[in-house]
Amino acid sequence: MSFKLRPYRSPDFSQEHFVNAPDAVFVEAEKDFVAPDNYHASTIYPEYFKIGGVWRLAEESRMDCVVILEPDGRLEIREFRHIKKGDAVCVGRTEDGSEGIYVHSTGFYDAKSHSDAFAFRQSRSRETAFSVDYNSLYELLEHDRQHGHIVWVLGPAVAFDYDSRNAMAKLIENGYVHALMAGNALATHDLEAAYKRTALGQHIYTQSSDHNGHYNHIDTINRVRRSGSIPAFIEDEHISDGIIYSCVKNNVPFVLCGSIRDDGPLPEVYANVYEGQEAMRACIRKATTVITMATALHSIATGNMTPSFRVMPDGSVREVYFYCVDVAEFAVNKLADRGSLAAKGIVTNAQDFVVNIAKGLGLSID
């Protein structure tokens, strides 16, 4: 594989308008959870703030948060619900440097690329040819398996099919998954498949419906709760296959966030939405590649907390790659509508997608 990250080009802060720009202004929050008037809301892009005459990058960014100057001089990106009275919050809404705030949206811009002012088929739809995307993904996953942190966000459809479930398990076992995020349904139906060989009562291979199969996922949840945890259930019931089993076996962390419609839920599912969001963001803070599949709400939630860049341990800045895979154009395009402009959509059946990825990486899914 010959994958190469696009180089990051820092702003040239020797330019006159940066040199002459004032320091960014920070105003104390008057009460918990409330930002000062004219607060600056962060974006997905690298953002620099002039402090003491020096332009500094805010690390671990997230869209729609505030920027706080900590007493020790660190810049922290924080959700509004974490604002405390007395926090020094950045204010100013111009992003060109004139208020000491600069949003650098072209850091990974490829000067060789260009597009015509008018061209057909520039959006990503069911008519788009995604062969180049697949080839790029194979190379990216090989690269980030060793040099990055790959996070997958899955909807339950991946567990409904024998081949896609096996393919996802193989990706986990072979190091192409460093963290997994999903809802109660994905884990429930994957464990149901291991326990009952069905997903929502249908056999995962033949798709035939079991008699009283509508009980199967509830029976599975009930049995997991009797064991007390997913790992205990896997041991008690001698579970030996599947997505969640592979995560447990290979020590791959998973975050399961609940919703108002959940059955059960499973013991590991976060019932409190903000606790779940904190757990998701902890995963995303490390992510260099994110792939979301067949889950519009989880995809958008993940997109909203994923910046376009990551500051690596050695201080270098690299691009974060974000793919959204769904059979509906609505889902993949809605991310861009919600501000996740770096997300790339692939309109296809998620089950076919994960099988193709596994095969393209040379993994046997039999």
Check your understanding: Binning every alpha carbon pair distance of the stretch 166-324 at 10 Å from zero, what are the percents per bin?
Key -> 10, 36, 36, 14, 4, 0
Practice item. Over the residues of the stretch 176-220, compute the C-alpha Rg and express it relative to 2.2 N^0.38 Å. Key: 1.23
Practice item. Taking all protein chains together and a probe of 1.4 Å, list S316, S14, S229 from the most accessible to the least accessible. Key: S14, S316, S229
Review point. Amide H of F309: which non-local residues (sequence gap of 5 or more, or other chain) have their own amide H closer than 5 Å, using H built in the peptide plane?
Key: V320
Point to revise | M63 long-range amide H proximity, modeled H, under 5 Å | key: T306
Study note, to complete from the structure: Descending accessible area (1.4 Å probe), largest on the left, turns Y102, Y176 into Y102, Y176
**Study point:** Apportionment of accessible area to carbon and sulfur, the chain, percent (1.4 Å)
**Key:** 49
Revision key, fill the gap. Counting only protein heavy atoms and leaving out ligands, DNA and RNA, the solvent-accessible surface of D12 at a 1.4 Å probe, in Å² to the nearest 10, equals 80
Exercise for review: Could you work out the Rg to Rh ratio of the stretch 141-250, with Rh taken as the Kirkwood radius (inverse of the mean 1/r over all Cα pairs)?
Suggested key: 0.99
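Rolling a 1.4 angstrom probe over the protein heavy atoms, how many square angstrom per residue are accessible across the stretch 238-302?
On the way: 3020 Å² over 65 residues.
Here the per-residue accessible area is 46 Å².
Where does the chain land on Rg(C-alpha)/(2.2 N^0.38 Å)?
1.08
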Study note, to complete from the structure: Given backbone amide H placed at 1.01 Å from N, residues whose amide H is under 5 Å from that of V25, ignoring those fewer than 5 places away on the same chain, are V91
Review point. What aspartates and glutamates could a cross-link reach from K359, if we take a straight Cα to Cα line under 18 Å and drop same-chain neighbours fewer than 8 places away?
Key: D133, E139, E142, D144, D161, D163, E173
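Report, in debye and to the nearest 20, how large the dipole of the chain comes out about its Cα centre when Lys and Arg carry +1 and Asp and Glu carry -1 on their Cβ.
Values: 36 positive and 49 negative charges, 66 e Å.
The dipole magnitude comes to about 320 debye.
Give me the net charge for the shell around T288: Cβ to Cβ below 12 angstrom, other residues only, Lys and Arg +1, Asp and Glu -1.
Numbers: positive: R145, R285, K286, R310, R318; negative: D144, E319.
Here the charged neighbours net out to +3.
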Review point. Short version: ³J(HN,Hα) in whole Hz for each residue of the stretch 351-366, in order, from phi by Karplus 6.51 cos²θ - 1.76 cosθ + 1.60 (θ = phi - 60°), x for Gly and Pro, what are they?
Key: 5, 5, 4, 5, 5, 4, 5, 4, 5, x, 8, x, 9, 8, 10, 6
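Among residues other than G201 whose Cβ falls under 15 Å from its Cβ, what is the net charge (Lys/Arg +1, Asp/Glu -1)?
Values: positive: K196, R197; negative: D161, D190, E192, D210, D219, D263.
Combined, the nearby Lys, Arg, Asp and Glu give -4.
The values are calculated or read from the model by the stated rules, or taken from the named source; none is laboratory data. It should be emphasised that the depicted structure is a prediction, and the values quoted were computed from it without experimental measurement. In this analysis, Cβ positions are derived from the backbone assuming ideal geometry, glycine residues included, and neighbour counts consider all displayed protein chains. To get the accessible areas, we keep the full protein, side chains included, count just its heavy atoms, and leave off ligands, DNA and RNA. Shrake-Rupley method; radii C 1.70, N 1.55, O 1.52, S 1.80 Å.
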